[in-house]
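*Asks:* A single structure is presented below for examination.
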Amino acid sequence: MQDCFDLTAIGATNPVFEAFEPYAARGLVLGRVSVVYADRYRIYTPRGEMAAEAIGALLYRTERPAWPAVGDWVAVQPLLGNETPAQAMIHAVLPRRTMFSRRAAGDREQEQPIAANIDLALIVCGLDQDFNVRRIERYLTLAHAAGVDAAIVLNKSDLCADVDARLAEAARVAAGAPVLAIAARAADGIEPVRRLLGPGVTIVLLGSSGVGKSTLVNGLLGEERQLVREVRETDSRGRHTTTYRELLPLPQGGALIDTPGMRELQLWAGQDSLDSAFAEIAALAAECRFRDCSHVTETGCAVRAALETGELDSSRWESYRKLRGEIAWHARQTDVQAAQAQKRRWKAIHKAMRRDYKRESLRD
(Lines give C-alpha, C1' and ligand atoms only; values in the text may rest on other atoms or scores of the structure.)
Protein backbone atom coordinates (compact mmCIF):
# COMPACT_ATOMS: atom_id res chain seq x y z
CA MET A 1 0.00 0.00 0.00
CA GLN A 2 1.30 3.42 -0.88
CA ASP A 3 2.60 5.60 1.95
CA CYS A 4 1.14 8.82 0.58
CA PHE A 5 -1.62 9.49 -1.93
CA ASP A 6 -4.22 11.94 -3.22
CA LEU A 7 -7.40 11.58 -1.15
CA THR A 8 -9.53 12.34 -4.21
CA ALA A 9 -8.50 8.91 -5.48
CA ILE A 10 -10.47 7.25 -2.69
CA GLY A 11 -13.55 9.38 -2.88
CA ALA A 12 -12.96 12.88 -1.46
CA THR A 13 -15.36 15.25 -3.26
CA ASN A 14 -16.06 18.98 -3.10
CA PRO A 15 -18.64 18.60 -0.26
CA VAL A 16 -16.00 16.77 1.81
CA PHE A 17 -13.43 19.52 1.30
CA GLU A 18 -16.05 22.20 2.00
CA ALA A 19 -17.06 20.53 5.28
CA PHE A 20 -13.39 20.25 6.22
CA GLU A 21 -12.53 23.95 5.67
CA PRO A 22 -13.18 25.06 9.30
CA TYR A 23 -10.88 22.30 10.55
CA ALA A 24 -8.20 23.12 7.99
CA ALA A 25 -8.15 26.64 9.40
CA ARG A 26 -7.26 25.12 12.77
CA GLY A 27 -4.32 23.24 11.26
CA LEU A 28 -5.98 19.81 11.22
CA VAL A 29 -5.53 17.23 8.44
CA LEU A 30 -8.21 15.46 6.40
CA GLY A 31 -8.24 11.69 6.66
CA ARG A 32 -10.42 8.67 5.98
CA VAL A 33 -10.92 5.79 8.41
CA SER A 34 -9.74 2.48 6.99
CA VAL A 35 -9.98 0.16 10.03
CA VAL A 36 -11.62 0.34 13.45
CA TYR A 37 -10.16 -1.66 16.34
CA ALA A 38 -12.52 -0.99 19.29
CA ASP A 39 -11.31 2.50 20.34
CA ARG A 40 -8.31 2.56 17.98
CA TYR A 41 -8.32 3.53 14.32
CA ARG A 42 -6.20 3.36 11.19
CA ILE A 43 -6.63 6.26 8.78
CA TYR A 44 -5.41 7.35 5.36
CA THR A 45 -4.15 10.93 5.07
CA PRO A 46 -2.10 12.84 2.48
CA ARG A 47 0.83 12.31 4.85
CA GLY A 48 0.43 8.53 4.77
CA GLU A 49 -1.28 5.97 6.98
CA MET A 50 -1.63 6.85 10.65
CA ALA A 51 -2.76 5.12 13.83
CA ALA A 52 -5.29 7.26 15.67
CA GLU A 53 -7.49 7.66 18.71
CA ALA A 54 -10.54 9.87 19.12
CA ILE A 55 -10.42 12.79 21.54
CA GLY A 56 -12.57 12.40 24.65
CA ALA A 57 -14.93 15.20 23.66
CA LEU A 58 -15.87 13.35 20.47
CA LEU A 59 -16.62 10.11 22.33
CA TYR A 60 -18.46 11.54 25.33
CA ARG A 61 -20.55 14.17 23.55
CA THR A 62 -21.95 11.85 20.90
CA GLU A 63 -23.80 8.52 20.81
CA ARG A 64 -21.82 5.45 19.75
CA PRO A 65 -23.25 5.30 16.18
CA ALA A 66 -21.74 8.77 15.59
CA TRP A 67 -18.24 7.60 16.53
CA PRO A 68 -15.76 7.11 13.67
CA ALA A 69 -16.66 4.18 11.42
CA VAL A 70 -14.89 2.60 8.45
CA GLY A 71 -15.27 4.95 5.49
CA ASP A 72 -15.77 8.09 7.57
CA TRP A 73 -14.01 11.32 6.64
CA VAL A 74 -12.38 12.78 9.74
CA ALA A 75 -10.39 15.83 10.88
CA VAL A 76 -7.19 14.69 12.60
CA GLN A 77 -4.26 16.22 14.43
CA PRO A 78 -0.96 14.45 13.68
CA LEU A 79 1.20 14.03 16.79
CA LEU A 80 4.90 14.73 16.97
CA GLY A 81 7.17 11.74 17.35
CA ASN A 82 9.03 9.05 15.47
CA GLU A 83 6.51 6.22 15.92
CA THR A 84 5.70 3.95 13.00
CA PRO A 85 3.02 4.32 11.93
CA ALA A 86 2.60 7.99 12.78
CA GLN A 87 0.12 8.79 15.54
CA ALA A 88 -2.85 11.16 15.38
CA MET A 89 -5.93 12.29 17.27
CA ILE A 90 -9.37 12.40 15.62
CA HIS A 91 -11.14 15.67 16.49
CA ALA A 92 -14.30 15.38 14.37
CA VAL A 93 -16.27 13.14 12.03
CA LEU A 94 -17.41 15.02 8.92
CA PRO A 95 -21.09 14.75 7.88
CA ARG A 96 -21.88 11.37 6.34
CA ARG A 97 -23.52 11.06 2.94
CA THR A 98 -24.67 7.51 3.59
CA MET A 99 -24.40 5.02 6.44
CA PHE A 100 -24.85 1.25 6.14
CA SER A 101 -25.96 -0.13 9.51
CA ARG A 102 -27.49 -3.22 11.03
CA ARG A 103 -29.11 -3.88 14.38
CA ALA A 104 -26.51 -4.87 16.94
CA ALA A 105 -26.66 -8.39 18.33
CA GLY A 106 -28.25 -8.81 21.74
CA ASP A 107 -31.40 -7.49 23.39
CA ARG A 108 -30.71 -3.76 23.15
CA GLU A 109 -32.18 -1.84 20.25
CA GLN A 110 -28.92 -0.30 19.07
CA GLU A 111 -27.54 0.67 15.69
CA GLN A 112 -24.26 -0.94 14.63
CA PRO A 113 -22.57 1.01 11.81
CA ILE A 114 -21.02 -1.16 9.11
CA ALA A 115 -19.57 1.40 6.71
CA ALA A 116 -19.97 5.10 5.91
CA ASN A 117 -19.98 7.18 2.73
CA ILE A 118 -20.77 4.27 0.44
CA ASP A 119 -21.73 4.81 -3.21
CA LEU A 120 -22.55 1.22 -4.13
CA ALA A 121 -23.26 -1.95 -2.14
CA LEU A 122 -22.30 -5.22 -3.82
CA ILE A 123 -24.48 -7.98 -2.38
CA VAL A 124 -22.45 -11.12 -3.05
CA CYS A 125 -24.19 -14.49 -3.12
CA GLY A 126 -22.73 -17.85 -4.08
CA LEU A 127 -24.22 -19.86 -6.94
CA ASP A 128 -23.79 -23.05 -4.96
CA GLN A 129 -25.70 -24.36 -1.96
CA ASP A 130 -25.41 -20.93 -0.33
CA PHE A 131 -27.75 -19.24 -2.83
CA ASN A 132 -30.54 -17.61 -0.81
CA VAL A 133 -33.06 -15.18 -2.29
CA ARG A 134 -34.47 -14.27 1.14
CA ARG A 135 -31.03 -13.14 2.32
CA ILE A 136 -30.68 -10.99 -0.80
CA GLU A 137 -33.99 -9.30 0.04
CA ARG A 138 -32.75 -8.56 3.55
CA TYR A 139 -29.53 -6.95 2.27
CA LEU A 140 -31.50 -4.91 -0.27
CA THR A 141 -33.74 -3.59 2.49
CA LEU A 142 -30.69 -2.41 4.44
CA ALA A 143 -29.25 -0.79 1.31
CA HIS A 144 -32.47 1.16 0.81
CA ALA A 145 -32.39 2.20 4.49
CA ALA A 146 -28.86 3.52 3.97
CA GLY A 147 -29.76 5.39 0.80
CA VAL A 148 -27.16 3.35 -1.08
CA ASP A 149 -27.44 1.96 -4.61
CA ALA A 150 -27.02 -1.81 -4.78
CA ALA A 151 -25.99 -4.49 -7.25
CA ILE A 152 -26.43 -8.24 -6.80
CA VAL A 153 -23.31 -10.24 -7.61
CA LEU A 154 -23.85 -13.98 -8.09
CA ASN A 155 -20.43 -15.57 -7.74
CA LYS A 156 -19.24 -19.07 -8.69
CA SER A 157 -21.11 -19.19 -11.98
CA ASP A 158 -18.68 -21.91 -13.05
CA LEU A 159 -20.19 -24.20 -10.38
CA CYS A 160 -23.83 -23.62 -11.32
CA ALA A 161 -25.71 -25.87 -13.74
CA ASP A 162 -28.37 -23.27 -14.62
CA VAL A 163 -27.03 -19.74 -14.24
CA ASP A 164 -29.90 -18.18 -16.21
CA ALA A 165 -32.47 -19.60 -13.78
CA ARG A 166 -30.58 -18.18 -10.79
CA LEU A 167 -30.25 -14.80 -12.53
CA ALA A 168 -34.00 -14.78 -13.12
CA GLU A 169 -34.69 -15.61 -9.44
CA ALA A 170 -32.46 -12.79 -8.26
CA ALA A 171 -33.88 -10.35 -10.79
CA ARG A 172 -37.41 -10.97 -9.47
CA VAL A 173 -36.41 -9.57 -6.05
CA ALA A 174 -33.81 -7.03 -7.20
CA ALA A 175 -36.22 -4.05 -7.32
CA GLY A 176 -34.32 -2.69 -10.32
CA ALA A 177 -30.80 -3.33 -9.01
CA PRO A 178 -28.32 -4.79 -11.53
CA VAL A 179 -27.80 -8.56 -11.28
CA LEU A 180 -24.41 -9.96 -12.37
CA ALA A 181 -23.08 -13.49 -12.68
CA ILE A 182 -19.31 -13.84 -12.22
CA ALA A 183 -16.62 -16.41 -11.57
CA ALA A 184 -14.18 -14.59 -9.28
CA ARG A 185 -11.47 -17.25 -9.65
CA ALA A 186 -11.36 -17.02 -13.44
CA ALA A 187 -8.83 -14.72 -15.10
CA ASP A 188 -11.46 -12.39 -16.56
CA GLY A 189 -14.34 -13.52 -14.37
CA ILE A 190 -14.82 -10.23 -12.51
CA GLU A 191 -15.00 -7.87 -15.49
CA PRO A 192 -18.75 -7.23 -14.98
CA VAL A 193 -17.91 -5.88 -11.51
CA ARG A 194 -15.04 -3.74 -12.77
CA ARG A 195 -17.46 -1.97 -15.11
CA LEU A 196 -19.43 -0.75 -12.07
CA LEU A 197 -16.40 0.98 -10.59
CA GLY A 198 -15.02 4.43 -11.28
CA PRO A 199 -12.70 7.10 -9.89
CA GLY A 200 -13.78 8.17 -6.43
CA VAL A 201 -16.48 5.50 -6.13
CA THR A 202 -16.59 3.63 -2.80
CA ILE A 203 -18.13 0.15 -2.80
CA VAL A 204 -18.87 -2.19 0.08
CA LEU A 205 -18.95 -5.97 -0.26
CA LEU A 206 -21.70 -7.70 1.71
CA GLY A 207 -22.52 -11.37 2.02
CA SER A 208 -22.17 -14.43 4.20
CA SER A 209 -18.88 -16.25 4.66
CA GLY A 210 -17.92 -18.58 1.82
CA VAL A 211 -19.51 -16.60 -1.04
CA GLY A 212 -16.12 -15.54 -2.41
CA LYS A 213 -15.81 -11.93 -1.23
CA SER A 214 -12.10 -12.32 -0.43
CA THR A 215 -11.42 -13.81 -3.87
CA LEU A 216 -13.29 -10.90 -5.46
CA VAL A 217 -11.30 -8.40 -3.37
CA ASN A 218 -8.00 -9.94 -4.47
CA GLY A 219 -9.09 -9.77 -8.10
CA LEU A 220 -10.10 -6.11 -7.86
CA LEU A 221 -6.88 -5.17 -6.07
CA GLY A 222 -4.68 -7.19 -8.42
CA GLU A 223 -2.85 -8.82 -5.51
CA GLU A 224 -3.35 -11.62 -2.97
CA ARG A 225 -4.33 -9.28 -0.17
CA GLN A 226 -7.01 -11.36 1.56
CA LEU A 227 -6.72 -14.95 2.78
CA VAL A 228 -8.91 -17.39 0.86
CA ARG A 229 -10.18 -20.71 2.23
CA GLU A 230 -12.23 -23.52 0.75
CA VAL A 231 -15.88 -23.87 1.76
CA ARG A 232 -17.35 -27.06 3.22
CA GLU A 233 -18.62 -29.37 0.51
CA THR A 234 -21.65 -30.43 2.57
CA ASP A 235 -23.33 -27.02 2.78
CA SER A 236 -21.02 -24.58 0.92
CA ARG A 237 -20.46 -22.65 4.16
CA GLY A 238 -17.14 -20.90 4.60
CA ARG A 239 -14.95 -19.98 7.52
CA HIS A 240 -14.38 -16.29 8.23
CA THR A 241 -11.26 -15.23 6.35
CA THR A 242 -12.04 -11.52 6.81
CA THR A 243 -12.27 -10.75 10.53
CA TYR A 244 -12.79 -6.98 10.45
CA ARG A 245 -14.07 -4.29 8.11
CA GLU A 246 -11.37 -2.56 6.08
CA LEU A 247 -11.29 0.18 3.45
CA LEU A 248 -8.81 -0.51 0.66
CA PRO A 249 -7.88 1.91 -2.18
CA LEU A 250 -8.40 0.42 -5.64
CA PRO A 251 -5.62 0.64 -8.26
CA GLN A 252 -7.92 2.32 -10.80
CA GLY A 253 -9.21 4.83 -8.26
CA GLY A 254 -12.01 4.62 -5.74
CA ALA A 255 -12.08 2.29 -2.77
CA LEU A 256 -13.72 -0.87 -1.53
CA ILE A 257 -14.74 -1.89 1.96
CA ASP A 258 -14.49 -5.58 2.70
CA THR A 259 -16.66 -6.91 5.51
CA PRO A 260 -16.67 -10.18 7.46
CA GLY A 261 -19.36 -12.67 6.50
CA MET A 262 -22.53 -11.99 8.49
CA ARG A 263 -24.43 -15.06 9.67
CA GLU A 264 -26.95 -12.90 11.55
CA LEU A 265 -28.25 -9.82 9.78
CA GLN A 266 -30.80 -8.03 11.92
CA LEU A 267 -32.54 -5.18 10.19
CA TRP A 268 -31.91 -1.54 11.09
CA ALA A 269 -34.56 -0.16 8.79
CA GLY A 270 -38.05 1.31 8.73
CA GLN A 271 -41.22 0.60 6.79
CA ASP A 272 -40.25 3.05 4.02
CA SER A 273 -37.03 1.13 3.35
CA LEU A 274 -38.95 -2.15 3.23
CA ASP A 275 -41.46 -0.68 0.78
CA SER A 276 -38.59 0.49 -1.45
CA ALA A 277 -37.10 -3.01 -1.50
CA PHE A 278 -40.54 -4.54 -2.18
CA ALA A 279 -41.81 -1.84 -4.51
CA GLU A 280 -44.36 -4.06 -6.27
CA ILE A 281 -46.04 -4.95 -2.96
CA ALA A 282 -46.06 -1.32 -1.85
CA ALA A 283 -47.73 -0.38 -5.15
CA LEU A 284 -50.40 -3.04 -4.66
CA ALA A 285 -51.02 -1.96 -1.06
CA ALA A 286 -51.67 1.59 -2.27
CA GLU A 287 -54.61 0.22 -4.29
CA CYS A 288 -56.28 -1.47 -1.30
CA ARG A 289 -59.75 -0.21 -0.34
CA PHE A 290 -58.66 0.60 3.21
CA ARG A 291 -55.59 2.66 3.99
CA ASP A 292 -54.74 0.55 7.06
CA CYS A 293 -55.39 -2.75 5.29
CA SER A 294 -53.66 -5.71 6.98
CA HIS A 295 -53.91 -7.74 3.75
CA VAL A 296 -55.52 -10.65 5.62
CA THR A 297 -59.34 -10.53 5.62
CA GLU A 298 -60.38 -7.07 4.39
CA THR A 299 -62.60 -6.71 1.34
CA GLY A 300 -61.09 -4.81 -1.56
CA CYS A 301 -57.53 -5.89 -0.71
CA ALA A 302 -55.37 -5.57 -3.83
CA VAL A 303 -52.58 -7.64 -2.29
CA ARG A 304 -54.84 -10.65 -1.59
CA ALA A 305 -56.30 -10.35 -5.08
CA ALA A 306 -52.82 -10.39 -6.64
CA LEU A 307 -51.90 -13.46 -4.59
CA GLU A 308 -55.02 -15.30 -5.75
CA THR A 309 -54.39 -14.54 -9.42
CA GLY A 310 -50.67 -15.34 -9.20
CA GLU A 311 -49.65 -11.78 -10.06
CA LEU A 312 -47.79 -11.67 -6.73
CA ASP A 313 -45.53 -14.57 -5.80
CA SER A 314 -46.56 -16.08 -2.46
CA SER A 315 -42.97 -16.62 -1.27
CA ARG A 316 -42.20 -12.97 -2.03
CA TRP A 317 -45.24 -11.92 0.02
CA GLU A 318 -44.28 -14.19 2.93
CA SER A 319 -40.79 -12.69 2.98
CA TYR A 320 -42.25 -9.16 3.02
CA ARG A 321 -44.68 -10.09 5.78
CA LYS A 322 -41.90 -11.60 7.90
CA LEU A 323 -39.63 -8.57 7.51
CA ARG A 324 -42.53 -6.19 8.19
CA GLY A 325 -43.29 -8.05 11.42
CA GLU A 326 -39.63 -7.92 12.41
CA ILE A 327 -39.43 -4.17 11.81
CA ALA A 328 -42.66 -3.59 13.77
CA TRP A 329 -41.43 -5.70 16.69
CA HIS A 330 -38.13 -3.84 16.89
CA ALA A 331 -39.99 -0.51 16.73
CA ARG A 332 -42.09 -1.53 19.73
CA GLN A 333 -38.97 -2.64 21.61
CA THR A 334 -37.33 0.71 20.86
CA ASP A 335 -40.34 2.52 22.32
CA VAL A 336 -40.31 0.30 25.42
CA GLN A 337 -36.59 0.83 26.01
CA ALA A 338 -36.94 4.59 25.48
CA ALA A 339 -39.74 4.69 28.06
CA GLN A 340 -37.66 2.65 30.51
CA ALA A 341 -34.69 4.97 30.02
CA GLN A 342 -36.89 8.02 30.60
CA LYS A 343 -38.26 6.43 33.77
CA ARG A 344 -34.72 5.79 35.05
CA ARG A 345 -33.74 9.40 34.35
CA TRP A 346 -36.71 10.80 36.28
CA LYS A 347 -36.06 8.36 39.12
CA ALA A 348 -32.46 9.61 39.35
CA ILE A 349 -33.64 13.24 39.28
CA HIS A 350 -36.19 12.67 42.06
CA LYS A 351 -33.61 10.81 44.14
CA ALA A 352 -31.17 13.71 43.76
CA MET A 353 -33.92 16.21 44.70
CA ARG A 354 -34.78 14.25 47.86
CA ARG A 355 -31.11 14.05 48.79
CA ASP A 356 -30.66 17.82 48.34
CA TYR A 357 -33.85 18.51 50.31
CA LYS A 358 -32.58 16.35 53.18
CA ARG A 359 -29.26 18.21 53.20
CA GLU A 360 -31.02 21.57 53.31
CA SER A 361 -33.20 20.36 56.17
CA LEU A 362 -30.16 19.31 58.18
CA ARG A 363 -28.57 22.73 57.68
CA ASP A 364 -31.67 24.45 58.97
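*Asks:* Considering only the stretch 28-43, I want to know if a residue exists there that is surrounded by fewer than 16 Cβ atoms within 10 Å (Cβ to Cβ) and more than 25 Å from the chain's Cα centre (by Cα).
*Replies:* no
*Asks:* Among the residues of the stretch 161-194, which ones are assigned to a loop (DSSP other than H, G, I, E, B) and either within 22 Å of the chain's Cα centre (by Cα) or surrounded by 12 or more Cβ atoms within 10 Å (Cβ to Cβ) (or both)?
*Replies:* A174, A175, G176, A177, P178, I182, A183, A184, R185, A186, G189, I190
*Asks:* Give all pairs with beta carbons closer than 7 Å in which a residue from the stretch 309-327 that is crowded, with 16+ Cβ neighbours inside 10 Å meets a residue that is of a type outside the set (V, I, T) and not in a helix (DSSP H, G or I); count only pairs at least 6 apart in sequence or on separate chains.
*Replies:* Y320/F278; L323/L267; E326/L267; I327/L267; I327/A269; I327/G270
*Asks:* Right, another one. Criterion first (in contact (Cβ under 8 Å) with a residue 24 or more places away in the chain, over 30 Å from T8 (Cα atoms) and within 17 Å of the chain's Cα centre (by Cα)) does C125 satisfy it? So that I can check it myself, show each step before the final result.
*Replies:* Working: in contact (Cβ under 8 Å) with a residue 24 or more places away in the chain: yes; over 30 Å from T8 (Cα atoms): yes; within 17 Å of the chain's Cα centre (by Cα): yes.
Here the answer is yes, as C125 does meet what is asked.
*Asks:* Across the stretch 17-67, what is the total count of residues that are in a loop (DSSP other than H, G, I, E, B) and over 27 Å from T259 (Cα atoms)?
*Replies:* 5
Okay, residues lined up against (1) small (G, A, S); (2) at pLDDT 95 or above; (3) over 20 Å from K322 (Cα atoms); (4) touching a Ser or Thr at 6+ places or on another chain (Cβ under 9 Å):
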{"site": "M99", "(1), (2), (3), (4)": "no, no, yes, no"}
{"site": "E109", "(1), (2), (3), (4)": "no, no, no, yes"}
{"site": "A115", "(1), (2), (3), (4)": "yes, no, yes, yes"}
{"site": "C125", "(1), (2), (3), (4)": "no, no, yes, yes"}
{"site": "Q129", "(1), (2), (3), (4)": "no, no, yes, yes"}
{"site": "I136", "(1), (2), (3), (4)": "no, no, no, no"}
{"site": "H144", "(1), (2), (3), (4)": "no, no, no, yes"}
{"site": "G147", "(1), (2), (3), (4)": "yes, no, yes, yes"}
{"site": "A171", "(1), (2), (3), (4)": "yes, no, yes, no"}
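*Asks:* Name the residues in the stretch 68-105 that are in a loop (DSSP other than H, G, I, E, B), touching a residue at least 60 places away in the same chain (Cβ under 8 Å) and touching a Lys or Arg at 6+ places or on another chain (Cβ under 8 Å), would you?
*Replies:* Correct list: V70, G71.
*Asks:* A150 - would you say it is of a type in the set (A, V, I, L, M), more than 14 Å from S208 (Cα to Cα), outside any helix (DSSP H, G or I) and over 19 Å from the mean Cα position of the chain (by Cα)?
*Replies:* No, not satisfied.
*Asks:* Filtering the stretch 216-246 down to residues that are among the polar types (S, T, N, Q) and either part of a strand (DSSP E or B) or closer than 27 Å to D6 by Cα (or both), which residue is modelled with the highest pLDDT?
*Replies:* N218
*Asks:* Give, as residue ranges, the helices (runs of 4 or more DSSP H) completely inside the stretch 255-352 that count at least 1 residues that are at pLDDT below 80 and among the charged types (D, E, K, R). If you could, list the steps in order and put the result at the bottom.
*Replies:* Working: elements: 271-277, 279-285, 302-309.
Once the helices (runs of 4 or more DSSP H) in the stretch 255-352 are filtered for at least 1 residues that are at pLDDT below 80 and among the charged types (D, E, K, R), what remains is 271-277.
The values are calculated or read from the model by the stated rules, or taken from the named source; none is laboratory data. This one's a predicted model, so the numbers in the text were calculated from it and none came from an experiment. Cβ: placed from backbone, ideal geometry, glycine included. Neighbour counts: every protein chain shown.
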